[in-house]
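Inspection log for the structure reproduced underneath, given as structure tokens.
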Amino acid sequence: MSSIAVKLKEIMEEKSITANALEKKSGVKVSSVQNIIYGRSKNPGIDTVKAIAKALGCTLYDLLDQNESPIPSTLANREEKEWNISLFIDALKATETMMKQKNIKPSYKTALAFANEIYSYSQMSNKGTADYDFTRWLFEKHGER
């Protein structure tokens, strides 16, 4: 069973809501919730998960395993370099700039995950500044709309 299925089932039990009731409340297609829970849908679409989270009164991150990042890591297996606080601050600024441009307000954990991803990618370039091309790409690919 996928981690999202486990978390979804836990939250549904806490809220005493059935799969059918959740599907109706969230407006997702019939059997969408059941498909996630029973492993027939291992990678549900973001719109489906957002609707389910909203109907449950939780965040997207609540439906993810605690060990998972809110955004997929493209750098998970890269070698870590020495901490560069100036670069991390620049990555935070790049995150803030892009959030303002796109008018999005992610959770703290999601915003921090974006900044961390930008920092890690930018650290590989050895330029000492955040890579704004990567930042734009990251927000286009994973940003909340």
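Where a number appears in this text, it was derived from the coordinates with a stated rule and is not lab data. Just so it is clear, the structure is predicted and the values come from calculations on it, not from any experiment. Here the Cβ positions follow ideal geometry from the backbone for every residue, glycine too, while neighbour counts run over all protein chains shown.
As a calculated quantity, the FRET efficiency between residue 14 and residue 38 at R0 = 25 Å, using C-beta atoms, amounts to about 0.85. Against the chain, whose longest principal axis is taken from its Cα atoms, helix 132-142 shows a tilt of about 0°.
Highest mean packing comes first when the peptides 22-34, 93-105 are listed by Cβ atoms within 10 Å, giving 22-34, 93-105.
Here the Karplus relation 6.51 cos²θ - 1.76 cosθ + 1.60, evaluated at θ = phi - 60°, turns the backbone of segment 4-11 into coupling constants of 5, 5, 5, 5, 4, 4, 4, 5 Hz, with x for every Gly and Pro.
Classify segment 80-133 from the C-alpha gyration tensor, please: rounded if a/c falls under 1.5, else prolate or oblate depending on whether a/b exceeds b/c. Taking the square roots of the gyration eigenvalues as a ≥ b ≥ c, segment 80-133 is prolate.
Compute the Cα gyration tensor for the chain, then decide on rounded, prolate or oblate, letting a ≥ b ≥ c be the square roots of its eigenvalues: rounded whenever a/c is under 1.5, prolate when a/b is larger than b/c in the other cases, and oblate in all that remain. Prolate is the answer for the chain, as a/c is 1.5 or above and a/b outweighs b/c.
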